[in-house]
Amino acid sequence: MTAKSTPVLDPASLLAWQIAMGVDEAIDEAPIDRFTAPSASAAQVQIPPTNTQRTETRGPRPIAAKPVQSIAGGSAETATAAAQQAQTLEELRAALEAFDGGLLKRSAKNLVFSDGIAGSPVMIVGEAPGADEDRMGKPFVGVSGQLLDRMLAAINMSREENVYISNILPWRPLGNRAPDDAVVAMCLPFIRRHIELAAPKVILLFGGVSAKALLETTEGITRMRGKWKALKIGSNDIPAMPIFHPAYLLRQPHLKGLAWRDLLNVKHKMAELSK
Ligand code: URA
């Protein structure tokens, strides 16, 4: 009988699997950094303790944890280099497919690149895919996407006709967690290049994460919404408006009136720009 060979999995995939399985606490007294721990084969060699060693503390050797960036994959610099090489949206998609997106990418089912009509006058940038988007590989296809479609229809716009849609993060964060700064910094060069290649006339930033990341501000969405800002992309200043995220409006329906006002503002801007 031949022994079955055990597949070798990398630590980030194992960690992603554990988080997906609901592991939320460590059972050892100190954290173990598997990225810097001795290799699995070395760790499996068990040397029986001698009598003099029996009083020593048992268990894994504690190792100082590395910053989150070590499991966040590529750095902002490698992301910038990869994104800038892309000369078309298809090349940008391919660059993301090839990029080391670390735990974020490995724990997602699909790359969520875009939906709608590339080259549209309006581009929407949301936060990150949710479970439905991850499954379908398209942004805003779940319940908040349905509200988004109704909001767009109210100003005679749609992703089938004149809107292009993407997100700050092209992969779903595990458990829909709010993206941390390292992950946003890694994804930002891609969405900035995405905007540059899609070349919209105006950008709608749905939600605080999107507005803060692209406008490089710490100001909250409640203060920013409804105000046009200039988003510098390449050599262009593109008018960009932060708007409440549809998922937030589903939880706070009394704010829909403000979002409606902002959408009318967008409609007027588009009329102005097409004069
Ligand atoms: N929320 C977002 O910000 N983007 C999506 O694609 C879906 C939900």
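Brief remarks follow.
- Scanning the range 139-149 for residues being more than 8 Å from the ligand (Cβ to nearest atom) and either among the basic types (K, R) or in contact with a Gly (Cβ under 7 Å, 6 or more places away or on another chain) (or both) gives a total of 0.
- Within the range 156-165, the presence of at least one residue that is outside any strand (DSSP E or B), under 21 Å from R225 (Cβ atoms) and at pLDDT 95 or above is confirmed.
- Residue in the range 223-234 that is within 12 Å of the ligand (Cβ to nearest atom) and without any contact (Cβ under 8 Å) to a residue 60 or more places away in the chain present: no
- Helices (runs of 4 or more DSSP H) lying entirely in the range 72-146 (those with 2 or more residues that are basic (K, R) and within 15 Å of the chain's Cα centre (by Cα)): 102-106
- Residue that is nearest to F244 (Cα to Cα), among those in the range 164-220 that are without any contact (Cβ under 8 Å) to a residue 40 or more places away in the chain and touching a Ser or Thr at 6+ places or on another chain (Cβ under 8 Å): A211
The values are calculated or read from the model by the stated rules, or taken from the named source; none is laboratory data. Small disclaimer: the values here were computed from a predicted structure and weren't measured. Cβ coordinates were reconstructed from backbone atoms using ideal geometry, including for glycine residues, and neighbour counts include every protein chain displayed.
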